[in-house]
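Read-outs: derived from the displayed coordinates by stated rules, not from any lab. Computed from a predicted structure; not experimentally measured. FYI the Cβ positions are ideal-geometry reconstructions off the backbone, even for glycines, and counts take in every protein chain you see.
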Amino acid sequence: MITLSINKLFEKKAGKLDKKIKLALAERLEFFTHNPFHPLLNNHALHGKRKSERSINITGDYRLIYEVVGTNMVRLLDIDTHTNLYDRVKKTNDEYLLLLNHTMKEWSSPENDGLFVFR
């Protein structure tokens, strides 16, 4: 059986959830503590800045982020909608790609046959 530890952010956000979401959270945590890889949870590792963390589904839109802190212990870190949890990172990446694309257009010119010139 898995032991749960809760950080302050998770506690604060979970306390503000709608009653329906709180019920779903309680149900999914019951599954999680007995079988962390129950198919309903869609338990998966995260990538990038969150590569040490994992995510489980609470509802179709809500996700719970956690980290493993011991053999049978996890720390619940965050809970929110998929958009709120992941689009901040995506937006930052999209802004970076837009800037990179703009910069590359400035570097290529007809004088150098459209090739990028690095100095």
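Would you work out the relative contact order for the range 3-82, in percent, from Cα pairs under 8 angstrom that are 6 or more residues apart?
That works out to 33 percent.
So between Asn35 and Leu9, what do we pick up on full extension, going 0.36 nm a residue minus the alpha carbon distance?
6.9 nm
Between Lys51 and Lys19, how high is the FRET efficiency from 1/(1 + (r/R0)^6) when r is the Cβ-Cβ distance and R₀ = 41 Å? Nearest 0.05.
That pair, Lys51 with Lys19, gives E of 0.75.
List every residue whose amide H lies under 5 Å from the amide H of Ile6, counting only residues 5 or more places away in sequence or on a different chain, with H placed 1.01 Å from N in the peptide plane.
Leu76
Could you rank the peptides 15-22, 73-80 by their average count of other C-beta atoms within 10 Å per residue, with the highest value first?
Per-residue mean Cβ counts within 10 Å order the peptides as 73-80, 15-22.
A 26 angstrom limit on the alpha carbon distance is what I want to check against. Which of Lys20/Lys49; Lys13/Lys51; Lys8/Lys49 exceed it?
Correct reply: Lys20/Lys49.
Label 7 Å along Cα→Cβ of Met1; the range 47-79 residues with amide nitrogen under 19 Å?
Output list for this probe position: 69-76.
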